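Quick notes on the structure that follows.
Read the figures in this text as sums done on the coordinates, not as results from a lab. Since the model is a prediction, treat every value here as computed from it, not as a measurement. So basically every Cβ, Gly included, is an ideal-geometry build from the backbone, and we count neighbours across all protein chains shown.
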Amino acid sequence: MKKLLFTLIVLTSFIACNSKQTGEGSKNESLQGKEQASVAPGNLQTVEFKVDGMSCEGCENAIKGSVGKCPGVQDVQASATNGNAVVKFDKSKTNTDDLKKAIEKKGYTVTGSQIKP
């Protein structure tokens with residue numbers, strides 16, 4: 001009986017965690033579509049951050065959710081496998097320092113960044 005109860009608790013926690021992360025991603029995607037149309041030509045910039053501390057999809061979703069809330073962010077891709085986050089943003093509305101802070105706010109370490117063409 002104790003094993004069954006423990007299994008149910010673990011399963012419930014897992015489902016709740018995954019549904020919350022999915023919700024953040026969906027919210028982020030809807031914001032991207034709204035802001036993308038308002039970007040002035042020449043203001044769109046892409047930066048790749050090297051990120052230490054990501055180990056799973058939950059980590060990726062945490063970074064996507066945090067960075068996606070920054071003004072002007074158009075797209076966020078995070079990869080635990082590659083140890084990076086690639087962000088497309090309107091440089092008139094935010095900057096790389098603010099994006100870096102959004103990543104670090106979630107407990108990850110940014111070890112470098114590179115502006116992409």
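Answer yes or no: is there a residue in the range 59-67 that is within 22 Å of GLY42 (Cα to Cα) and touching a residue at least 24 places away in the same chain (Cβ under 8 Å).
Looking through the range 59-67, at least one residue is within 22 Å of GLY42 (Cα to Cα) and touching a residue at least 24 places away in the same chain (Cβ under 8 Å).
Just need a number here: residues in the range 35-64 that are part of a loop (DSSP other than H, G, I, E, B) and touching a helix residue (DSSP H, G or I) at 6+ places or on another chain (Cβ under 9 Å).
So the count comes out to 2.
Among the residues in the range 81-88, are any in a helix (DSSP H, G or I), out of contact with any Asp or Glu (no Cβ under 8 Å at 6 or more places or on another chain) and without any contact (Cβ under 8 Å) to a residue 24 or more places away in the chain?
no
Do you know which residues across the range 105-117 are touching a helix residue (DSSP H, G or I) at 6+ places or on another chain (Cβ under 9 Å) and either under 16 Å from ASP75 (Cα atoms) or not hydrophobic (A, V, I, L, M, F, W, C) (or both)?
LYS105, LYS106, GLY107, TYR108, THR109, SER113, ILE115
Filter the range 66-92 down to the residues that are surrounded by fewer than 16 Cβ atoms within 10 Å (Cβ to Cβ) and within 17 Å of VAL39 (Cα to Cα) and list them by number.
Across the range 66-92, the qualifying residues are LYS69, PRO71, SER92.
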